[in-house]
Amino acid sequence: MRKEVLELQNLGRMPNESINDDENIDNIVNSYDSLLEKITLPITYDEGEILIKLFPENAFYDLQWSLLKLVESLEVNGDKYKNLIEKCPSEEWRSILSSRYNNWAKKN
């Protein structure tokens, strides 16, 4: 398990970005961003189980796309991947991940 993934786990689930966010949010965004950028592809299933739980409800300064890229780098069978998707706490991102997987599966 990479230390960056464990540090992200300690940060917890990404909050939703808000129009009411103040300048303190910059530190939080930078913490997530710097850790996400250090993780090289592919990730392990165990790392995926941690990262899938970090998705914000909707959006968090586009960092949800970095999470998606990491989760989609997993090299596991379809059923195991679908089970992982079901662990995503965000209905919106669970749906996006599922749709993207289904589209990929149709082509492959």
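If I ask for residues that are surrounded by 12 or more Cβ atoms within 10 Å (Cβ to Cβ) and in a helix (DSSP H, G or I), which ones from the range 84-101 would you list?
Leu84, Ile85, Glu92, Trp93, Arg94, Ser95, Ile96, Leu97, Ser98, Arg100, Tyr101
Each row is one residue, and each column tells you yes or no for (1) surrounded by 14 or more Cβ atoms within 10 Å (Cβ to Cβ); (2) not aliphatic (A, V, I, L, M).
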site: Val5; (1), (2): yes, no
site: Gly12; (1), (2): no, yes
site: Asp21; (1), (2): yes, yes
site: Lys38; (1), (2): no, yes
site: Leu63; (1), (2): yes, no
site: Asn77; (1), (2): no, yes
site: Lys82; (1), (2): yes, yes
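Just checking, how many residues over the range 1-28 are free of Cβ contacts under 8 Å to residues at least 40 places away in the same chain and out of contact with any helix residue (DSSP H, G or I) (no Cβ under 7 Å at 6 or more places or on another chain)?
Total satisfying the criteria: 13.
If I filter the range 66-80 down to residues being assigned to a helix (DSSP H, G or I) and either closer than 15 Å to Leu41 by Cβ or of a type in the set (Asp, Glu) (or both), which single residue comes out as nearest to the chain's Cα centre (by Cα)?
Leu67
None of the figures in this text is laboratory data; all of them are computed from the coordinates on show. None of the values given here were measured: they were computed from a predicted structure. Glycine gets a Cβ as well: all are built from the backbone with ideal geometry, and neighbour counts include every protein chain shown.
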